[in-house]
1. Mind listing whichever residues of region 40-75 are surrounded by fewer than 19 Cβ atoms within 10 Å (Cβ to Cβ), within 23 Å of MET1 (Cα to Cα) and modelled with pLDDT under 95?
2. What residue, of GLU98, GLU149, GLU112, GLU76, is more than 20 Å from LYS164 (Cα to Cα) and out of contact with any Cys (no Cβ under 8 Å at 6 or more places or on another chain)?
3. Anything in region 98-131 that is farther than 22 Å from VAL59 by Cβ, out of contact with any Asp or Glu (no Cβ under 7 Å at 6 or more places or on another chain), touching a residue at least 40 places away in the same chain (Cβ under 8 Å) and not in a loop (DSSP other than H, G, I, E, B)? List them, or say none.
4. Taking PHE144 as meeting all but one of (1) surrounded by fewer than 15 Cβ atoms within 10 Å (Cβ to Cβ); (2) at pLDDT 95 or above; (3) assigned to a helix (DSSP H, G or I), write down the number of the exception.
5. Could you tell me which of the residues VAL36, VAL52, VAL5 is assigned to a helix (DSSP H, G or I) and in contact with a strand residue (DSSP E or B) (Cβ under 8 Å, 6 or more places away or on another chain)?
6. Considering each residue of region 8-33, count those that are of a type in the set (Gly, Ala, Ser) and part of a helix (DSSP H, G or I), and give that number.
7. Return yes when ILE128 is modelled with pLDDT under 95 and closer than 30 Å to MET151 by Cβ and no when it is not.
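The values are calculated or read from the model by the stated rules, or taken from the named source; none is laboratory data. Quick caveat, the model's predicted, so the values are computed rather than measured. Glycine gets a Cβ as well: all are built from the backbone with ideal geometry, and neighbour counts include every protein chain shown.
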Amino acid sequence: MNIAVYMGAHYGKNPNFRTKANELGRWIGENGHCLVYGGGSVGLMGEVARSVLDNGGEVIGITPGFFITAEEILEECTQLEVVPNMSARRSRMIEYGEAYIALPGGMGTLDEISECMALKRLGLFGDIDRPIIIYNIDGYYDKFISMMEVMVMEELYKKEDWEKVQVCYTIEDVAAALENAGNIDHTRTKLYSEE
């Protein structure tokens, strides 16, 4: 399974974020899955990717060219795809991905996982069962979850759409969510182009 993981290019203040990122990467690698991520070598991004590689998994990095100039790319990626901008990176990660996980991160992470949620709500994933997972390490996403519940309460987001997003608190929760995803079509879907 291609698992797209969105996360920070920094470690953050909580050392458990790094520990859990490493743990997720180890699980992906040991279970024969492929990480799809933003191609970075720093912060939680680099932590997950190196852990996947160290544990026998493959890594697809997708990055805009300006990150290469900034020398923040993980050269060891199994496959590195350079795209023109951040929008192209988001769309390529979605196309490659068969499941989507948000680790702690900043505005980019929120943007990316929110787009996945919107696409699923709009039915643009078709009949493919693509899990969307909020990995709520140490309550990092508590306020985001509360905001989503406010949207549901105010009838600006449907309850059944929010219920399609899985909130996980442990690696065991994440593993169960992925293993129970059902039949996943392993062919890539072009969501944004006719190619």
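1. Within region 40-75, GLU75 is the sole residue that qualifies.
2. GLU76 is the lone residue from the list that is more than 20 Å from LYS164 (Cα to Cα) and out of contact with any Cys (no Cβ under 8 Å at 6 or more places or on another chain).
3. Residues satisfying the conditions are MET117, LEU119, LYS120.
4. It fails just one condition, (1).
5. VAL52
6. Qualifying residue count, region 8-33: 3.
7. Yes.
Yes/no per residue for (1) at pLDDT 95 or above; (2) exposed (fewer than 10 other Cβ atoms within 10 Å of the Cβ); (3) among the basic types (Lys, Arg):
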residue: GLU149; (1), (2), (3): yes, no, no
residue: GLU154; (1), (2), (3): yes, yes, no
residue: HIS186; (1), (2), (3): no, yes, no
residue: LEU191; (1), (2), (3): no, no, no
